[in-house]
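See structure below.
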Amino acid sequence: RLLTGAHGGAGEMVAFDHVRGVDSAWGFGHRAVELAREARAAGTLPAESVLRSMAPADIQGKDVFAAAALGDPGARRITDEIGGSLA
């Protein structure tokens, strides 16, 4: 049985807010969305990246990871950055 805290959290660690490159306990899917939206807004996604053609509000973590698995260069760059945080 999952136990939650007073604010609905389930064991989140605020300490992650202070780890450079991690910045929160939201998880990798959320971080992938943030990075994809930032890259799209900055215009740094490669022209062939599927993420470039998506509306920012429509990008989900599963889209980024699926695109990376198919070799999308923009999505791979994002998952590489997330992997560095994990390492």
(request) Treating each Cα of the stretch 35-87 as an identical point scatterer and ignoring solvent, apply the Debye formula and state log10 I(q)/I(0) at q = 0.16, 0.23 Å⁻¹. (result) -0.38, -0.80
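How much length is gained on full extension from residue 7 to residue 80, taking 0.36 nm per residue of separation minus their Cα-Cα distance?
This chain segment gains 23.1 nm when fully extended.
Taking the mean number of other Cβ atoms within 10 Å as a proxy for protection, how do you rank 37-50, 67-80 from highest to lowest? If you can, show how the numbers build up before the last one.
Numbers: 37-50: 13.9, 67-80: 17.8.
Ranking the peptides 37-50, 67-80 by packing returns 67-80, 37-50.
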(request) Starting at the first residue of the stretch 80-87, write each ³J(HN,Hα) from the Karplus equation 6.51 cos²θ - 1.76 cosθ + 1.60 with θ = phi - 60°, in whole Hz, x for Gly and Pro. (result) 5, 5, 5, x, x, 5, 5, 5
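Values in this text are rule-based calculations from the coordinates and carry no lab data. On a predicted model such as this, the values are computed, not experimentally measured, just so you know. Using ideal geometry, Cβ is built from the backbone for each residue, glycine included, and neighbour counts are taken over all protein chains shown.
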